[in-house]
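Taking it in order: structure first as structure tokens, then the write-up.
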Amino acid sequence: MIRIGIVGCGRILNAHLQGYRLLREAGYDGFRITALCARNENDALMFRKRGEGPTPRAAVLAPETGDPLAAPHIYLDEFQPDTDVAVFTDYREMIAAGVVDAVNDFTTLSMHHQIGAAAFDAGLHLLVQKPLAISVAAGRLMVDGAKAKGLTLGLFENVRQSAGTRAAAWAIGNGLIGDLQLALFGGIGGLWSPDKIVGETPWRHRKLEGAGGGAIDIGVHVMHMVRYVCGEVAAVSGTVRTFEPMRYLHGDPAAGPSVEANVDDTYLATVTCEGGALAQLMWSWGGHGEETPIPGAPVFYGSEGCIKGGEIVLDDGSRRNLQEAFWAEADPMLLDVQFPQVGANETRLTDPFAIQQYDWLEAIGRGGQPETDGEEGLRDLAAAFGMIESSQLGRTVSIEELLSGEVSGYQREIDDHFGLG
């Protein structure tokens, strides 16, 4: 039985707990959540037991958005009523109490390497919410720390386990659109534009807490998808801007707290993949007036057709649903790996959160690493920082320069602040 301690009881926790609930309902019984830790004790009590603690937070997004921040509130006693859950206000006290074997870190980005170091020193496994760390240097410390102790380090990057991403990687890998040439990602404006506090979490707009703005928070998702679907990133050429230096709750200066943003809210970038494919990325939490999405994005163009709007469209004019083709034609063994069947009833997992949790727990059991491990997170992070570092230098940067730390001018302030230099 793997005992899990959760550090960070913010809005995203509901989505994670829903994943764990699905595992228990499927009959996967090899874990229990035995501790919750939050700086404010009430934030932890909000999730422990129905009828205990404060009223759950109001959702920041409507359920129909499908965003993990819109997941319904859930209590631990709903799916593990047999387990007493300890509550802590200091992660170091939780670790020292000896009540957990592994840690889930859902804290602000600036805490990831600190919690990671404490967990690894105590011999505990770790699953950390994306992005991996507040800088490449901090991420490297985490990867090296886990490796030195022989511990499992998982990165929670839910874009990989979505059926759409899996299907696109399968189709391109099997040449269904020929040789990949070009991919398009992103859009301008949207839920948090032009000047709302993203996720109602001010730390996302402060460099020493969130590292970067959209280039990091959203950029690691996109870079992970580029790497998984299009091939490893070789080089990045990017431009970032901060068009809205002040962000407001609900976008209304009179509504409540505001935050001065010292990180980007907009990025434009060209990514060169090792196989020669190009990926064009654009994103903005700015954008006044009206949102401008890329129709059908993400879009992948090959030498014989494209994947757009969830369809495979070939030069001969034929088109078919991407996911229908994937589920009908992919090797059953591949589907069983990517969407495992668990429990006595062999329930197939399709929820990205449940899949990642299962993969991480299974990796702990076999003494290895999950599919999305610390090394994956480090490469995502380096590529995302590449957009900012390239913008600052005014030139294309290679992934080798970013991973080695040779290019890290923007990150120097962060590394100096945390003593990572």
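The values are calculated or read from the model by the stated rules, or taken from the named source; none is laboratory data. Computed from a predicted structure; not experimentally measured. Note: ideal-geometry Cβ built from the backbone for every residue, glycine included; neighbour counts use all protein chains shown. When the accessible area is computed, the model is the full protein with side chains, heavy atoms only, and any ligands, DNA or RNA have been set aside. Shrake-Rupley method; radii C 1.70, N 1.55, O 1.52, S 1.80 Å.
Brief remarks follow.
- Restricting segment 3-50 to residues that are among the aliphatic types (A, V, I, L, M) and more than 14 Å from Val85 (Cβ to Cβ), the residue that is farthest from the chain's Cα centre (by Cα) is Ala26.
- When Phe243 is tested against the conditions (1) open to solvent by less than 30 Å² (accessible area, probe 1.4 Å); (2) at pLDDT 95 or above; (3) more than 20 Å from Arg160 (Cβ to Cβ), the lone failure is (1).
- Residue list for segment 1-56, restricted to those being touching a Gly at 6+ places or on another chain (Cβ under 6 Å), among the small types (Gly, Ala, Ser) and over 23 Å from Gln161 (Cβ atoms): Ala35
- Test: residue in segment 183-204 that is surrounded by fewer than 22 Cβ atoms within 10 Å (Cβ to Cβ) and over 28 Å from His288 (Cβ atoms): no
- Segment 364-421, residues that are touching a residue at least 40 places away in the same chain (Cβ under 8 Å) and of a type in the set (S, T, N, Q): Gln369, Thr372, Ser390, Ser391, Thr396, Ser398, Ser408, Gln411
- Residues within segment 246-258 that are open to solvent by less than 60 Å² (accessible area, probe 1.4 Å) and part of a loop (DSSP other than H, G, I, E, B), tallied: 2
- Residues located in segment 170-182, provided they are open to solvent by 20 Å² or more (accessible area, probe 1.4 Å) and of a type outside the set (Asp, Glu): Trp170, Ile172, Gly173, Asn174, Gly175, Leu176, Leu180, Gln181, Leu182
- Wholly enclosed strands (runs of 3 or more DSSP E) of segment 122-217 bearing at least 3 residues more than 22 Å from Asp101 (Cα to Cα): 180-188
- Residue pairs meeting the criteria (Cβ under 8 Å; at least 6 apart or on separate chains; first at pLDDT 95 or above and open to solvent by 10 Å² or more (accessible area, probe 1.4 Å), in segment 129-150; second among the acidic types (Asp, Glu) and outside any helix (DSSP H, G or I)): Gln129/Asp105; Lys130/Glu157
Matching residues to (1) assigned to a helix (DSSP H, G or I); (2) surrounded by fewer than 16 Cβ atoms within 10 Å (Cβ to Cβ):
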site	(1), (2)
Gln18	yes, no
Arg24	yes, no
Arg32	no, no
Leu45	yes, no
Gly51	no, yes
Ala58	no, yes
His113	yes, no
Ala117	yes, yes
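- Qualifying positions in segment 344-358 - surrounded by fewer than 19 Cβ atoms within 10 Å (Cβ to Cβ) and either in contact with a Lys or Arg (Cβ under 9 Å, 6 or more places away or on another chain) or closer than 14 Å to Thr165 by Cβ (or both): Thr350
- Residue tally, condition outside any loop (DSSP other than H, G, I, E, B) and acidic (Asp, Glu), over segment 60-111: 5
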